[in-house]
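Okay, so here's the structure we're looking at.
The values are calculated or read from the model by the stated rules, or taken from the named source; none is laboratory data. For clarity, every value in this text was computed on a predicted model and none was experimentally measured. Quick reminder, even Gly has a Cβ in these numbers, built from the backbone with ideal geometry, and neighbours come from all protein chains shown. For the accessible areas, the whole protein counts, side chains as well, though only heavy atoms, and no ligand, DNA or RNA atoms are used. Shrake-Rupley method; radii C 1.70, N 1.55, O 1.52, S 1.80 Å.
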Amino acid sequence: MIKLTAFRWVPPFAQGLARDLRVRWALEEAGLPYEEWLIGPEDQASAGYRALQPFGQVPAIETGGLKLFESGAIVLHIAEGCDALSPGDAEGQARMKAWMFAALNSVEPAVQNLAAIDLFYAGEGWASERRPAAAEAVHKRLDAVEQWLGGRDYLEGRFTAGDLLMTTVLRILRHTDLVSGRPILKAYQERCEARPAFRKALADHLKPFQAAAA
Ligand SMILES: N[C@@H](CCC(=O)N[C@@H](CS)C(=O)NCC(=O)O)C(=O)O
């Protein structure tokens, strides 16, 4: 059975965003059962956990003898050989990987930078000075994704692991109107998030936080 690490608890701003959600979603799309290993700060610092995830972060998985970290690498590993996440032809698979990298390397850094300013440093003087340029950087990336999507339902005509990662990156902007104010991107995000696999993954991701609050 695949073992997936996730946090036992995160603050409300991170609930529904923490990156184990990406892996849960991919596992649901692939129909692969898994068990969760809920961790806390003491685990993050432990040598045992660092052997699984060198940076002490989540997510990581352990399956058979394989230990894997980095949400993108894990999602790719699951997508390979999974019809729901990956096209059957080599060209389609290469395009899927390009969008996976684009989501994590071209879009997420700008999005994460803005989120950090808003969520961690909102009260700081430097943050209000830096924010307009950070927001502009996000706009540039969102413009490009929106333009690419145009009338397409998905980045490559059908749902792939590229859409899965792009959707989870767009979710990071939920505290702003940067996605919700763009009809094409909003519809795209809602289309991807309407998938039963996402709904199930999100519900399971949130369960430990709800249990901790009860
Ligand atoms: N590039 C990594 C980033 C992982 C990451 O940032 N995880 C966050 C949760 S979403 C985390 O573990 N934060 C705690 C920490 O960095 O100590 C990935 O995609 O897996």
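Table for the structure above
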quantity	calculated
Average Cα contact separation per residue, the range 66-190, under 8 Å, 6 or more apart, as relative contact order %	33 percent
Förster-model FRET efficiency, 25 Å R0, Gln147 and His175, C-beta, rounded to 0.05	0.55
Local net charge near Arg195, Cβ-Cβ under 15 Å (Lys/Arg +1, Asp/Glu -1)	-1
Reachable lysines from Lys3, criterion Cα separation under 19 angstrom, eight or more residues apart if same chain	Lys67, Lys200, Lys207
Accessible area in square angstrom per residue, the range 90-195, 1.4 angstrom probe	49 Å²
Note, ³J(HN,Hα) from phi for the range 36-43, Karplus 6.51, -1.76, 1.60, rounded to Hz, x at Gly and Pro	9, 10, 7, 10, x, x, 5, 5
Surface accessible to a 1.4 Å probe, His77 within the full protein complex, Å²	80 Å²
Among Ala127, Ile172, Ala115 - extreme Cα towards positive end, dipole of the range 90-195, charges at beta-carbon	Ile172
With every protein chain in place, the chain: carbon and sulfur % of accessible area (1.4 Å)	55 percent
Rounded to 5, the percent of DSSP beta bridges in the chain classed as antiparallel	50 percent
Largest-first ordering by accessible area, 1.4 Å probe, given options Thr176, Thr167	Thr176, Thr167
Per residue convex hull volume, Cα atoms of the chain, in Å³	131 Å³
The chain - percent relative contact order, Cα under 8 Å, separation 6 or more	27 percent
All lysines inside 19 Å of Lys186 as judged from Cα atoms, apart from same-chain residues fewer than 8 positions distant	Lys140
Label-point separation in nm, Arg158 to Glu80, each point 7 Å along Cα→Cβ	2.0 nm
For the range 1-101, share of DSSP beta bridges that run antiparallel, in % to the nearest 5	50 percent
For the range 90-195: span of alpha carbons on each principal axis (Å, largest first)	49, 24, 22
Per-pair calculated FRET efficiency, R0 = 35 Å: Asn105 and Glu42 via Cβ, rounded to 0.05	0.65
